[in-house]
Amino acid sequence: MSAEDDWCEGPEEEDPLTLSPQVEEVLFSLDTPADVMSAVSSVMVEMREALELGVLPPSGRPLPGLPGACVSAMPRGLGLVEFHETATEKGERGFYLARVIRIDDYPAEF
């Protein structure tokens with residue numbers, strides 16, 4: 001892979017956001033609608049900004065019964081992103097994006 005093909009700045013192990021296989025599938029699948037991909041990306045930007053400030057993302061809400069687990073609402077009411085507070089290899093604060101819960105996956109229940 002050439003430097004032009006590398007869209008990420010810096011080594012991957014320094015990224016404070018870790019994506020689960022399910023989240024990677026949503027982001028990198030050709031079947032994912034553009035609005036969902038955009039919404040997940042927006043939540044990720046919000047998470048990076050929150051990490052810089054040392055707070056939870058503004059839309060983040062704790063999940064009862066799961067210490068360190070939270071959900072953030074995706075823009076335009078497209079669903080939720082479940083995430084967990086973690087630490088990077090260097091011991092810095094980070095988030096593990098566990099899963100994307102799309103509204104169209106559960107149309108009868110929303």
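For segment 46-107, which fully contained strands (runs of 3 or more DSSP E) count at least 2 residues that are closer than 16 Å to Leu27 by Cβ and without any contact (Cβ under 8 Å) to a residue 40 or more places away in the chain?
Per the criteria, 79-87.
Count, please, the residues in segment 29-58 that happen to be farther than 19 Å from Asp104 by Cα, aliphatic (A, V, I, L, M) and out of contact with any helix residue (DSSP H, G or I) (no Cβ under 7 Å at 6 or more places or on another chain).
7
Determine if segment 74-88 includes at least one residue that is within 22 Å of Pro21 (Cα to Cα), modelled with pLDDT under 95 and of a type in the set (Phe, Trp, Tyr).
Scanning segment 74-88 turns up no residue that is within 22 Å of Pro21 (Cα to Cα), modelled with pLDDT under 95 and of a type in the set (Phe, Trp, Tyr).
Which ones in segment 22-36 are assigned to a loop (DSSP other than H, G, I, E, B) and within 18 Å of Leu97 (Cα to Cα)?
Across segment 22-36, the qualifying residues are Ser29, Thr32.
The values are calculated or read from the model by the stated rules, or taken from the named source; none is laboratory data. As the structure is a computational prediction, the values presented were derived from the model and not from experiment. All Cβ positions, even for glycine, are placed from backbone atoms using ideal geometry, and neighbour counts span all protein chains on display.
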